[in-house]
Amino acid sequence: MLKVIRRKFKKFFREFLLYHNSSLEYRAKIFTLVVAANERIGKSEDRLLMELACDIYKNDEERCEILVETVKEYFEKVITNNGLDFEHLVFQVEKDTRNVKRFSEKIDINALMQFQKCEMTEEEKLYQLRVIEFLTDLKERYSLK
């Protein structure tokens, strides 16, 4: 119970309390772009999000959970058009990548391609693939190398 309360508190004040909050927010935006392509987060996407978050933050379960919750928060805003729509999110990701070049290294194309295995229509798969191609282009364009 205490763990849940602490996590909710951190989620609410994550901008001030989380180390490298901007990095976590950026990763959440990337995942949201890919997941929002098929307009729902099913069990497969939910499980994959947690797996990928745990791969990123290996020894920090709380940070993994906050990343997944942040993705779901952004996703809900995009789907309900509550202050954030898909195009605006794309613009934010491109702007963040352009302004903070090291963020381009946080785009893991192999991890994002795993979402293609989730259940969705062919049209949704194609749209999701286009989003991943856009992210690949961003990664290549703004890479520090």
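The values are calculated or read from the model by the stated rules, or taken from the named source; none is laboratory data. If you're wondering where the values come from, they're calculated on a predicted model, not measured in any experiment. Don't worry about glycine lacking a Cβ; one is built from the backbone with ideal geometry, like all the others, and counts go over all protein chains shown. SASA here: full protein model, heavy atoms, side chains in, ligands and nucleic acids out. Shrake-Rupley method; radii C 1.70, N 1.55, O 1.52, S 1.80 Å.
Can you say whether Leu144 is buried (at least 20 other Cβ atoms within 10 Å of the Cβ) and under 18 Å from Tyr26 (Cα atoms), as far as the supplied structure shows?
Values: buried (at least 20 other Cβ atoms within 10 Å of the Cβ): no; under 18 Å from Tyr26 (Cα atoms): yes.
So Leu144 does not fit the description; no.
For segment 118-129, indicate whether the set of residues that are modelled with pLDDT of 90 or more, part of a helix (DSSP H, G or I) and under 14 Å from Arg27 (Cα atoms) is non-empty.
No, segment 118-129 contains no residue that is modelled with pLDDT of 90 or more, part of a helix (DSSP H, G or I) and under 14 Å from Arg27 (Cα atoms).
Quick check on my filter: what residues within segment 75-107 are open to solvent by 40 Å² or more (accessible area, probe 1.4 Å), without any contact (Cβ under 8 Å) to a residue 24 or more places away in the chain and in contact with a helix residue (DSSP H, G or I) (Cβ under 8 Å, 6 or more places away or on another chain)?
Matches in segment 75-107: Asn82, Gly83, Asp85.
Could you tell me how many of the residues in segment 47-69 are in a loop (DSSP other than H, G, I, E, B) and surrounded by 15 or more Cβ atoms within 10 Å (Cβ to Cβ)?
Qualifying residue count, segment 47-69: 1.
Does at least one position in segment 118-132 carry a residue that is over 17 Å from Gly42 (Cα atoms), open to solvent by 40 Å² or more (accessible area, probe 1.4 Å) and in contact with a Leu (Cβ under 6 Å, 6 or more places away or on another chain)?
No, every residue in segment 118-132 fails to be over 17 Å from Gly42 (Cα atoms), open to solvent by 40 Å² or more (accessible area, probe 1.4 Å) and in contact with a Leu (Cβ under 6 Å, 6 or more places away or on another chain).
Name every residue in segment 47-69 that is within 12 Å of the chain's Cα centre (by Cα) and not hydrophobic (A, V, I, L, M, F, W, C), in order of residue number.
Glu69
Only one of Asp137, Asp85, Asp108 is under 16 Å from Arg27 (Cα atoms) and not aliphatic (A, V, I, L, M). Can you tell me which?
Only one candidate qualifies: Asp108.
Residue by residue through segment 27-46, note down the ones that are of a type in the set (Val, Ile, Thr) and open to solvent by 40 Å² or more (accessible area, probe 1.4 Å).
Listed by number, the list holds a single entry, Ile41.
Tell me the residue from Val68, Val34 that is among the β-branched types (Val, Ile, Thr), modelled with pLDDT of 90 or more and under 19 Å from Met120 (Cα atoms), please.
Val34
I need the full set of residues from segment 70-113 which are in a helix (DSSP H, G or I), within 12 Å of the chain's Cα centre (by Cα) and among the charged types (D, E, K, R), in order please.
Result: Lys72, Glu73, Lys106.
Across segment 57-72, what is the number of residues that are farther than 18 Å from Ile132 by Cα and touching a residue at least 40 places away in the same chain (Cβ under 8 Å)?
The first filter runs over segment 57-72 and keeps only residues farther than 18 Å from Ile132 by Cα, leaving 57-70, 72.
Next cut, touching a residue at least 40 places away in the same chain (Cβ under 8 Å) only: 62-63, 65-67, 69-70.
Within segment 57-72, residues that are farther than 18 Å from Ile132 by Cα and touching a residue at least 40 places away in the same chain (Cβ under 8 Å) number 7.
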